[in-house]
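See below for the structure under consideration.
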Amino acid sequence: PLIRLEDYRPSDWLIDTVDLDISLHPTQTRVRSLLALRPNPAGQTDAPLVLDGDELALKALSLDGEPLDASAYAAGPQGLTLHAPPRRGFTLTIETEIDPAANTKLMGLYRSSRVYCTQCEADGFRRITYFLDRPDVMSVYTVRLEAAKAEAPVLLSNGNLVATGEVPGSDRHFALWHDPHPKPAYLFALVGGALDHVRQDYVTADGRKVELAVYVEPGKAGRAGWALDSLVRCMRWDEKVFGRNYDLDVFNVVAVSDFNMGAMENKGLNIFNDKYVLADPQTATDGDYASIEAIIAHEYFHNWTGNRITCRDWFQLCLKEGLTVFRDQEFSSDERSRPVKRIADVRTLRSTQFSEDAGPLAHPVRPRAYKEINNFYTPTVYEKGAEVIRMLKVLIGDDAFKRGMDLYFERCDGTAATIEEFLACFAESSGRDLSHFARWYEQAGTPAIVASGRYDAAEQRYTLDLAQSTPPTPGQAEKEPMVLPVRLGLVGTEGDLPLRTQSNAYAGDGLVVLDGPSLSIAFEGVTEPPIPSLLRGFSAPARLELDLSEADLLRQFTRDSDSFNRWQALQSIATRALVAAGRPGADSGALGATAAELGRALDGFLAADALADPAFAAQVLRLPAPADIAREIGKAVDPDAIFAAHRALSTAIGSALLPRLSGLRQALETKGPYRADSASAGRRALRNELLGLAALAAPADGAALCEQQFETGDNLTDRLAALAAMTLIPGERRERLIARFAEAYAGEPLVLDKWLMAQALIAEPATLERVRELMRHPAFSLGNPNRVRALIGGFAANLTQFNRADGAGYGFVADIVIALDRTNPQVASRLLGSFKSWRMLEPGRRRQAQEALGLVARTPNLSRDVSDIAERALA
Ligand code: ARG
Ligand code: ZN
């Protein structure tokens, strides 16, 4: 059934307290749940009580302690209905039995390598017991966990530990947990197993003593330190920047090896995909260190933006996710380089969200309807949702933004809130009408800003014309103008020129707000023809169409005071050239001149600036992704042509840099043992970017460099970079290094995931067969989401091989989606999302992709997750 935002009604019943008694057993876990129910004054009084369930079996049921007559209720796997509940407060005691070992969907209570754990967001709690499984029903939980001591010496749940003890006359023990903060069921969690941990005491700014701990599989405690360190840093940061203190006596993080997503913010008990917890120099890359820091922070920040203030319904998902992504981005920016973080985030936004917005799965930041909510944990809700918050801050200014956040925390604390309530806080703090801005939550699609400028030398006037439009998206044919904050500057020969204008669209401080279809602004006293620097810091999630000459862009690259736009200037040159050369029927000679220009510019830049900010330089060297070029071309896309152009340009740039390469790589070497800090990571990033270029420009020498770096490297970052660069060089030596890598990291599943992925990404026709073979490798398992994402997800991200002209790539992925759907629908539907850009392909591939999608769609007994994606992709 389609669930619609406008159909929201408050629950007829509330649940004030929940007492859970869970006796853990691998195949027969018994759950006794005591609910204190009462009619909701805001609901209907004559309503039956309908509790949600999913694959449940009822064992016993009583009301106010009395067993209920079978005629009083109806119970099935999908729900429990009391036909005529009392019109007053009462208790229900519900007993269910579940089989965690058989739970391959990894929703609800399941076992992952002998550890019991839960994932309840969005609607997994109903797989544990019958409940009002909706976020606006908030309850105080008391949880007794019992298990065999040998099997689960560690027993964790939300809140504070109240008691532990033995179960007399048995080999079992128990732990009693109490969480004083009312919460929705999706934030419930438990963990049971034999786990090691690292711990640290923490005192909050307002004086609360907190015990922090990170739990990991036995033997892995040596890899938990970075996560714990990140936790301490993000807790301090949230106190300092948002004034938020932690609110329980313990905070636990647990890493499990089978997990559908990245991590989950369960109150006081965050559960993580171990990929985002475990790190040491030998088994994690610089990128892993950075994402662990970011995701630890993200889940911790949810304690306020998500848990203390939760969502009224799942349409409000971006209320917690967009805001929390914004918060984790800000944290990482403060911990590391702000400009480099912004560039990295925009790359992600463009490659994931812009492509979603441009295809059949496009939806607003706040969707209006869904069939399966788990399909809406998307780049649009998360990343575009964060961009909306960032724009809000730019528009109303830092002070009003801060006061609005404070007001939100104060006013909405303890409630299940809406976007409207959130925005009202900022309307109040800024004194502005935000009703037009709110359209960002309603309208899908990536706006395009078309900009052009005229310089009048006699009048010393520069006139800037801006116009916006948003292409149609599914269900939204007509688009309204958005509120687009355009940060800008005028770049002259000596840097930024002063901005003087009478226009009332100009908000001062380099900010123009484009909120109608178009506007025109005249800047006065402009003493030379300027280069417009627009969308500084990427101030709005829009596409900018501005026709600057290559010479102007090169000048902007050297002169702009905004690092983001310096980076963007070269990206724009590359994009334009790649679009021209990658178009159907284009001649690849089109690249020549640009390649030479870019090569010269980069060479000069590296000579002057590389050592000053290597992380930034690494971003400058990295071309836009081929998929971004495909989206810019937009129709009749030929992935092979785009890829060939991309290869040619990279190779030409590599050749231009070749003379400088080894000297620079030497200068960038980090001395001493591996350190994960962002300065060292930046040096490695640039050094390895250069290695990739060497592999393309001088394959024989490049291969030798890769071998040498692999054999002498003392950390995974450098060794994996060596493997990745070597995958660009077909031949014997590549196969040898691939084998060496597998040997070196045998028994390290998270490292072998990277090995699987590096191979799945090889842009050669033999890759499909290679991937099929790797599916039989002991390092692979269809049952583990990380393995599937690495190998099959990696292949589906391989532009040329997933999009093979013969359709074999589509067929392969479709078959796996169908097979996987029987065990894990969420992972299957994510994988099916790889088809999201199929409509922009040239007709031959489009037909093949459509056929593969059709094959999936016609499969009997599909999950709601997969059928929803298949239907929307085909619609
Ligand atoms: N709330 C989690 C996070 O972003 C994600 C959980 C998603 N789970 C799901 N089943 N869709 O931190
Ligand atoms: Zn989140």
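Data for the structure
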quantity	calculated
Helices (runs of 4 or more DSSP H) within segment 795-867 that include 2 or more residues among the small types (Gly, Ala, Ser)	808-821, 825-832, 843-857
Checking ALA205 against (1) free of Cβ contacts under 8 Å to residues at least 40 places away in the same chain; (2) in contact with an Asp or Glu (Cβ under 6 Å, 6 or more places away or on another chain); (3) closer than 29 Å to PHE242 by Cα, the condition it does not meet	(1)
Residues within segment 652-666 that are closer than 8 Å to LEU693 by Cβ and without any contact (Cβ under 8 Å) to a residue 40 or more places away in the chain, tallied	1
Subset of segment 566-577 [out of contact with any Pro (no Cβ under 7 Å at 6 or more places or on another chain) and either closer than 21 Å to MET840 by Cα or free of Cβ contacts under 8 Å to residues at least 60 places away in the same chain (or both)]	ARG566, GLN568, ALA569, LEU570, SER572, ILE573, ARG576, ALA577
Qualifying residues in segment 295-340 (those that are small (Gly, Ala, Ser) and away from ligand 2 (no atom under 11 Å from the Cβ)) - the one nearest to MET235 (Cα to Cα)	SER332
Contacts under 8 angstrom Cβ, first residue in segment 459-475 being more than 30 Å from LEU874 (Cα to Cα), partner modelled with pLDDT of 95 or more and not in a strand (DSSP E or B), 6 or more apart	GLN460/GLY525; GLN460/VAL526; GLN460/THR527; ARG461/VAL526; TYR462/VAL526; TYR462/PRO529; TYR462/PRO530; ALA467/PRO517
Residue in segment 819-829 that is within 16 Å of ligand 2 (Cβ to nearest atom) and farther than 24 Å from GLU842 by Cα present	yes
Contacts under 6 angstrom Cβ, first residue in segment 394-419 being among the β-branched types (Val, Ile, Thr), partner surrounded by fewer than 20 Cβ atoms within 10 Å (Cβ to Cβ) and assigned to a helix (DSSP H, G or I), 6 or more apart	ILE396/SER430
Residue count, segment 94-119 (criterion: within 16 Å of ligand 1 (Cβ to nearest atom) and either in contact (Cβ under 8 Å) with a residue 40 or more places away in the chain or acidic (Asp, Glu) (or both))	11
Residue in segment 228-250 that is of a type in the set (Gly, Ala, Ser), away from ligand 1 (no atom under 14 Å from the Cβ) and either within 18 Å of the chain's Cα centre (by Cα) or crowded, with 23+ Cβ neighbours inside 10 Å (or both) present	yes
Meets criteria (out of contact with any helix residue (DSSP H, G or I) (no Cβ under 8 Å at 6 or more places or on another chain), farther than 30 Å from GLY682 by Cα and of a type outside the set (Phe, Trp, Tyr)) for ASP258	no
Matching option when the condition is in contact with a strand residue (DSSP E or B) (Cβ under 8 Å, 6 or more places away or on another chain) and among the aromatic types (Phe, Trp, Tyr), among PHE272, PHE301	PHE272
Filtered residues of segment 359-399 (kept if away from ligand 2 (no atom under 16 Å from the Cβ), within 18 Å of the chain's Cα centre (by Cα) and not in a helix (DSSP H, G or I))	LEU361, ALA362, HIS363, PRO364, PRO367
Selected residue [within 16 Å of ligand 1 (Cβ to nearest atom), under 28 Å from the mean Cα position of the chain (by Cα) and within 19 Å of ALA47 (Cβ to Cβ)] from ARG134, ARG127	ARG134
Count of segment 94-131 residues which are outside any loop (DSSP other than H, G, I, E, B) and of a type outside the set (A, V, I, L, M)	16
Tally of residues being farther than 18 Å from ILE22 by Cα, in a strand (DSSP E or B) and in contact (Cβ under 8 Å) with a residue 60 or more places away in the chain across segment 41-93	2
Selected residue (only one of ILE738, ILE729 is outside any helix (DSSP H, G or I) and either in contact with a helix residue (DSSP H, G or I) (Cβ under 6 Å, 6 or more places away or on another chain) or within 29 Å of ASP806 (Cβ to Cβ) (or both))	ILE729
Test: residue in segment 579-586 that is closer than 30 Å to PHE643 by Cβ, assigned to a loop (DSSP other than H, G, I, E, B) and under 29 Å from the mean Cα position of the chain (by Cα)	no
When residues of segment 160-194 are limited to those that are in a loop (DSSP other than H, G, I, E, B) and within 27 Å of the chain's Cα centre (by Cα), the one surrounded by the fewest Cβ atoms within 10 Å (Cβ to Cβ)	PRO184
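The values are calculated or read from the model by the stated rules, or taken from the named source; none is laboratory data. Values in this document were obtained by computation on a predicted structure and should not be read as measured data. A quick note on method: Cβ atoms are made from the backbone with ideal geometry, for glycine too, and the neighbour counts reach across all protein chains shown.
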